[in-house]
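Comments concern the structure below.
Please treat every number below as a calculation from the coordinates, not as lab data. Values in this document were obtained by computation on a predicted structure and should not be read as measured data. In this analysis, Cβ positions are derived from the backbone assuming ideal geometry, glycine residues included, and neighbour counts consider all displayed protein chains.
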Amino acid sequence: MVKYLIQRILISIPTLIAISIVIFTILALAPGDPMGEFALNSGITAEVRENIRRSLGLEQPALSTRTYALLGRRPKAASSINY
């Protein structure tokens, strides 16, 4: 039983990585800007939008953003931003 569980866990790891890659790719290829809703809000200044974009890592290339997401950590520049 333990052998079966270990085998299933080892199979699930590459499966979850593949699923996350597919989802990130679909989101990266989707049209529009993730910050588009903020552009319509007149109460949010351009500086605040830029800070949010940096804190989410949206100004970086898609590959590095996905790498950070897969590794479970954030880029150093994003973690040092204060509002």
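Farthest toward the positive end of the dipole of the chain, out of G36, L10, L63, is the Cα of L10, where the dipole comes from beta carbon charges about the Cα centre. Relative to the Cα centre, the charge distribution of the chain, modelled as +1 at Lys and Arg Cβ and -1 at Asp and Glu Cβ, gives a dipole magnitude of about 520 debye.
From the largest down, the chain spans 59, 29, 21 angstrom on the principal axes of its Cα atoms.
I'd like to compare 50-59, 24-33: which one has the highest average count of other Cβ atoms within 10 Å, and what's the full order after that?
Packing proxy ranking, top to bottom: 50-59, 24-33.
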